[in-house]
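> Supplied in structure tokens, the structure appears directly below.
The values are calculated or read from the model by the stated rules, or taken from the named source; none is laboratory data. Treat the numbers as computed from the prediction; the structure is a model and nothing was measured. Cβ coordinates were reconstructed from backbone atoms using ideal geometry, including for glycine residues, and neighbour counts include every protein chain displayed. Calculation scope for accessible area: heavy atoms of the full protein, side chains included, ligands and nucleic acids excluded. Shrake-Rupley method; radii C 1.70, N 1.55, O 1.52, S 1.80 Å.
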Amino acid sequence: MPRANITAGVWFRNVKWPSGSHWRTDIPTSVFGDPHVRAARYALSDGPVIQVPMTEVRRALANSPERDLGRKIGPYNIDPFAKRIEDCTVQMTFGPFLDLDLAEIHEFHRRERGNVSRPSVPYEFYRMADIVLERIHSGRISYGQFIERVQELNPSLTVVRSSDGSVSRSEIAYVLRVNHLRAVKNFEDELLYGTQPQAES
């Protein structure tokens, strides 16, 4: 059985299985019951990185079945957009986390990209994406500047670009949806404020 990935009391798990608006994973019973583990951190494939206190994980999974001869609990669903594990609302923190190995996260996203379908995004984020695209097409910002600002705010988020360097409307909407989880201002102030047009590299 692989050794649990625990550093400074935080259990880390790459979560590879998206389905609709949630991702599915499991947790070793040894981690679930370890009093020294204070938080669970999940890198959701091509999505946000989230952290949940272990007290909240234990509360949400209190009645979940064990499997694999009692070595694992789950599988269970994580919905970052509703801040839920299974049917239970939990405390959830969204990056950036300064101790993340960003190269490892981006490599995980690259490995999983062919197997990932983006969760559905509410229409309001497509309307925001239209504002971003209008500013790009009018020369007020560039695709590169938009991506740079997104990853400055949330370095663990991977933005998918097309072969010509552009970013699709649906991808922008998804990125805005993920960033909205941790935004402290409205998206125009946080993502678009103060940008100046520049040539694409």
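> Quick one: grab the alpha carbon gyration tensor of the range 59-102, order the square roots of its eigenvalues as a ≥ b ≥ c, and give me rounded if a/c is under 1.5, else prolate or oblate depending on whether a/b is larger than b/c.
It comes out oblate by the Cα gyration axes.
> Oh, and also: Considering only protein heavy atoms, what per residue accessible area in square angstrom results for the range 41-87 with a 1.4 angstrom probe?
42 Å²
> Follow-up question, since we're still on this one. Mind grabbing the accessible area of residue 137 for me, 1.4 Å probe, Å², rounded to tens?
Approximately 140 Å² for this residue.
> Over the range 31-108, what is the relative contact order in whole percent, taking alpha-carbon pairs under 8 Å and six or more residues apart?
Here the relative contact order equals 27 percent.
> Continuing with the same structure: Quick check: pseudo-label points 7 Å beyond the Cα along Cα→Cβ at residue 134 and residue 88, how many nm apart are they?
4.4 nm
> If R₀ is 41 angstrom, what is the calculated FRET efficiency for the pair residue 98 and residue 69, using the beta carbon separation as r and rounding to 0.05?
Efficiency, rounded to the nearest 0.05: 0.60.
> Using a 1.4 angstrom probe with every protein chain in place, what is the largest-first accessible-area order of 26, 164, 68?
Largest accessible area first, the residues go 164, 68, 26.
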